[in-house]
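Here's the structure we're looking at; comments come further down.
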Amino acid sequence: MCGITGYIGDNESASVLSAGLKNLEYRGYDSAGIALIGDDVTVHKQEGTIDGLTIPSNADATHGIGHTRWSTHGEPTDANAHPHTDCSGDVAVVHNGILANYHELKEELNGHIFESETDTEVIPHLIEEAIADGADLRAAVMRALDRLEGSFAIAATHADYEGIVAARQDSPLVIGHGDEGMYLGSDVTAFVEYTRQVSFLEDGDVAHLYDDDIEIFNDGERVTREVQTVDWDASAAGKAGHDHYMHKEIHEQPTALRQAISGRVDDLAGNASLNIDLDDGFLQTIDEIHIAACGTSYHAGLYAKELIEPLVDISVRVDLASEYEVYDGHNTQDTLVVAVTQSGETADTLSAIRRAKASGMTTFAVTNTVGSTITREVDDSLFIKAGPEIGVAATKTFVSQVTALALFATYLGRLRGTISADEGADILEDIRQLPSAVQAILDEEAQIRRLAAQYSDSKAFFFIGRGLAQPVALESALKLKEISYAHAEGFAAGELKHGPLALVTENTPVLAFLNQSAAPEETRNNVKEVESRGAPVIGLATDGADESFCKHTIDIPELGRLEPLVANVALQLFAYHVANEMGRPIDKPRNLAKSVTVG
Ligand code: G6P
C-alpha cells in the first residue's frame, strides 16, 4: 500500500504533488518520489520520507505524478523508490499494489534495462514496447494492463503525450476536478486543499486526465463517473497546531462522536434511526452475525459482540478478516456478515467479504470512507462519520466504530423486540453522554502524561479487562506497541493467572480496567494477584469508586456499557505520551502503514 498523486493544470506541479504526498504519507513513508513532465521527464526520488526529498522547482512542467512507498518488492532504497521509468526515460509510472506475474513479465522483457528490484518496473517497459509498436500513451497503458495480474492502481505519463493515464484494479484512485486543473490521489486527502469535487474510479477503469477534462474507459467503452462533493475541508487534513496527527485525532473525538451520533437518535421511539437499506424483515430473522475486520477495527468488532449478544439475543462471531472462512453447511441465508474497516480498502477485509458474498451471504460495512471499495461491494454501509484520520494508529475511528455499532445494536434490539423502548432510550442516553465523558478524560491529560513519563522505561506493559473491557485491553496494548515499540499485551483479566502472570514483575506496569459492568470483584482479585507480585497497577476506575489498592487510578465517568470505551481514550493518551517520551515517530511507526491494501 502506497500513496499515489497526480496533477495536471495551471499551478506549479511540483508544489501540488509534494503537498499531496505529504497528506498521503500515512499510506507509506519509506521512500518518495515525483516525476515532472515538461519537454522531457525529470524524476526526483529517494529513500526516506517526503520531507527529505529535494524537488527543484520546474516552471516548465505541465504535469506530474508522485508516490510515497510502503515497500513490498524490494527494500526501501533510492533505486526502488517510484516513479519508475522505461529504457528511454520518457515513460514514468507510479504503482500501488502487487503484480502477481511480474517475474514472468520481466523474463519476457529480456533486453530491457531494469534498475530496481520492484515488481512495478515491468509496467513502464511494457508501455515502452506498446509505444514502439505505434500505440499512443492511453492505448499503451491499456495494452500493458491486459498483461498485469494482481491488484493495483497506477498512473503513467510520457514526455511526448498529453495528460496522465491512471487505472485501478482493486486499489483506490480518486479524481479531483478543480478550477485550476485535474488531480489524482489514492484518496481525497491528496488534493482536498484544492478541490472537494471528486469522482471515484471503479475497478477496470482507465482514466485519461487533461488539464480541463477527463475521459474514463472501462472494458473499452467510454464511461462516466459521478462527480460528488466531499464534506471534508482542507483543515481536516492538517495538524491544527498539534505536534502529531495522533494527538490531534485523540482530541477530535468529542466532535467525531457528535458527528457519528447526530441525527441518529430517536428519543420518542427509544431507537436509533440509521437509514440503512438492509431489509427489516431479513434483520428480524437472521440467527447469526459474523464480523470480519483487522487491527483496531477487529477490536471494535469484539466490543460490538459484547454489546450485540446480550441486547439482541443473537450469536455474534468475530474473526480476523485474514482468517475468515465459511464452512460448508453453514446457514448462509440467515447470517449477516459485517465488515468493520476505517479505510474501506483493507485487502484482507475485502477478501473476507468477497468470500462471504460468494457463499450467498448478505454483507454490511461499517466504515469511515465514503466511496471506498468496500462500500461498492457490500449490500449496505453504515458510515461512522469520523472525518479523515491520518495518524497510523487509529484512535477516533475506533471510538466512532464502536459508537456506530452500539447504535446498530440498539436498532437490532428494538427491531427484534429484545429490548423495550425504555431500555433503548437508556442505551441511547449513554451514547449521547459519550462526547462529554470523552472530553472529561481529555481534560485529565496532564495526570496521564505524568504517569506515562513515570513508566515510559518499563520492561513491558500489560492491560487487563473483563467483558466489554477485554477488547479495550487488547486495543490499548496494540496502541502502545504500535507507536512506542514497547512490549505490550492485553489479556482477559481472568486469564492472567493461566500463564502471563509469569511475566509480571515490579518492572511491568499493569493497566487494569475496573469498570462496574463486568464482575468488578473478580477483576479486583486479579489486580491483587499482580500487585502481590510487585507490579505497579494503574487502575481505570469508575469515578467515585474506592480502588485505593491500586498504586494509581485514573477516574472514568460512569457510563454503563460504554465506560470501557471512554477508558480507552485515557490509554490512547497514555500510549501517545509514552511514545513521545521515547522520542518515537508517532505518526509514522516503523514498518506500518495506515491502509493495508495488500493481502
Ligand atoms: C492497518 C492499520 C491499523 C488498522 C488496520 C485495519 O494495519 O495500521 O491501524 O486498524 O489496518 O484498517 P481498516 O482501515 O480496515 O480499519
Query raised in the report: Which of the residues that make up the range 522-534 are over 9 Å from ALA493 (Cα atoms) and buried (at least 22 other Cβ atoms within 10 Å of the Cβ)?
Result: VAL530
Requested in this report: Taking TRP232 as meeting all but one of (1) under 23 Å from VAL596 (Cα atoms); (2) at pLDDT 95 or above, write down the number of the exception.
Outcome: (2)
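Select, from ASP86, ASP51, ASP39, the only residue that is modelled with pLDDT of 95 or more and among the charged types (D, E, K, R).
Details: ASP51 fails: modelled with pLDDT of 95 or more; ASP39 fails: modelled with pLDDT of 95 or more.
Step by step, each of ASP86, ASP51, ASP39 is checked, and only ASP86 is modelled with pLDDT of 95 or more and among the charged types (D, E, K, R).
Are any of the residues in the range 134-141 of a type in the set (Asp, Glu), in contact with a strand residue (DSSP E or B) (Cβ under 7 Å, 6 or more places away or on another chain), within 21 Å of ALA207 (Cβ to Cβ) and outside any helix (DSSP H, G or I)?
Filtering the range 134-141 for residues of a type in the set (Asp, Glu) gives 136.
If we keep only those that are in contact with a strand residue (DSSP E or B) (Cβ under 7 Å, 6 or more places away or on another chain) as well, we get none.
No, because not a single residue in the range 134-141 is of a type in the set (Asp, Glu), in contact with a strand residue (DSSP E or B) (Cβ under 7 Å, 6 or more places away or on another chain), within 21 Å of ALA207 (Cβ to Cβ) and outside any helix (DSSP H, G or I).
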Query raised in the report: For ILE586, all conditions in the list (1) over 14 Å from GLN439 (Cα atoms); (2) away from the ligand (no atom under 14 Å from the Cβ); (3) of a type in the set (A, V, I, L, M, F, W, C) hold save one; what is the number of the exception?
Result: (2)
Query raised in the report: Are there any strands (runs of 3 or more DSSP E) wholly within the range 435-539 with 2 or more residues that are touching a residue at least 60 places away in the same chain (Cβ under 8 Å) and not assigned by TED's automatic domain parsing to the domain that holds HIS251, and if so which?
Result: 460-465
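Just need a number here: residues in the range 250-277 that are hydrophobic (A, V, I, L, M, F, W, C), in contact (Cβ under 8 Å) with a residue 24 or more places away in the chain and in a loop (DSSP other than H, G, I, E, B).
Taking the range 250-277 and keeping what is hydrophobic (A, V, I, L, M, F, W, C), we get 250, 256-257, 260-261, 265, 268-269, 272, 274, 276.
Next, from what is left, pick out any that are in contact (Cβ under 8 Å) with a residue 24 or more places away in the chain: 250, 256-257, 260-261, 265, 269, 272, 274, 276.
Still in the list and also in a loop (DSSP other than H, G, I, E, B): 269, 274, 276.
Number satisfying all stated conditions: 3.
Only one residue in THR363, THR349 is away from the ligand (no atom under 14 Å from the Cβ), in contact (Cβ under 8 Å) with a residue 12 or more places away in the chain and in contact with a helix residue (DSSP H, G or I) (Cβ under 7 Å, 6 or more places away or on another chain), so which one is that? Walk me through it before giving the result.
Values: THR349 fails: away from the ligand (no atom under 14 Å from the Cβ).
Exactly one residue qualifies, and that residue is THR363.
Can you work out which of the residues in the range 374-416 that are away from the ligand (no atom under 16 Å from the Cβ) and over 22 Å from ARG432 (Cα atoms) is nearest to the chain's Cα centre (by Cα)? Show your work before the answer.
We begin by selecting, within the range 374-416, every residue away from the ligand (no atom under 16 Å from the Cβ); these are 379-380, 406-416.
If we keep only those that are over 22 Å from ARG432 (Cα atoms) too, we end up with 379-380, 416.
On the way: ASP379: 21, ASP380: 19, ARG416: 32 Å.
Ranking the qualifying residues of the range 374-416, first place goes to ASP380.
Which one of ALA272, ALA207, ALA237, ALA300 is buried (at least 17 other Cβ atoms within 10 Å of the Cβ), at pLDDT below 90 and hydrophobic (A, V, I, L, M, F, W, C)? Show your work before the answer.
Working: ALA272 fails: at pLDDT below 90; ALA207 fails: at pLDDT below 90; ALA300 fails: at pLDDT below 90.
Going through ALA272, ALA207, ALA237, ALA300 in turn, just one is buried (at least 17 other Cβ atoms within 10 Å of the Cβ), at pLDDT below 90 and hydrophobic (A, V, I, L, M, F, W, C): ALA237.
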Query raised in the report: Looking at (1) surrounded by fewer than 23 Cβ atoms within 10 Å (Cβ to Cβ); (2) away from the ligand (no atom under 16 Å from the Cβ), which is the only condition ASN591 fails?
Result: (2)
Query raised in the report: What about TYR324, is it in contact with a helix residue (DSSP H, G or I) (Cβ under 7 Å, 6 or more places away or on another chain) and outside the structural domain of VAL174 (by TED's automatic domain parsing)?
Result: yes
Requested in this report: Considering (1) without any contact (Cβ under 8 Å) to a residue 40 or more places away in the chain; (2) assigned to a helix (DSSP H, G or I), say which one ALA79 fails and leave the rest.
Outcome: (2)
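With the range 152-227 as the region, which strands (runs of 3 or more DSSP E) entirely inside it contain at least 2 residues that are hydrophobic (A, V, I, L, M, F, W, C) and in the same structural domain as THR85 (by TED's automatic domain parsing)?
On the way: elements: 164-169, 174-178, 181-185, 197-200, 205-209, 214-218, 221-223.
Filter on the range 152-227 gives 164-169, 174-178, 181-185, 197-200, 205-209, 214-218.
Can you pull out the strands (runs of 3 or more DSSP E) entirely within the range 1-63 that have at least 3 residues that are more than 22 Å from GLY238 (Cα to Cα)? Please lay out each step first, then the result.
Details: elements: 3-9, 31-37, 41-47.
In the range 1-63, 31-37, 41-47 are the strands (runs of 3 or more DSSP E) which contain 3 or more residues that are more than 22 Å from GLY238 (Cα to Cα).
The values are calculated or read from the model by the stated rules, or taken from the named source; none is laboratory data. These figures come from a predicted structure and were not determined experimentally. All Cβ positions, glycine included, derive from the backbone under ideal geometry; neighbour counts span all protein chains shown.
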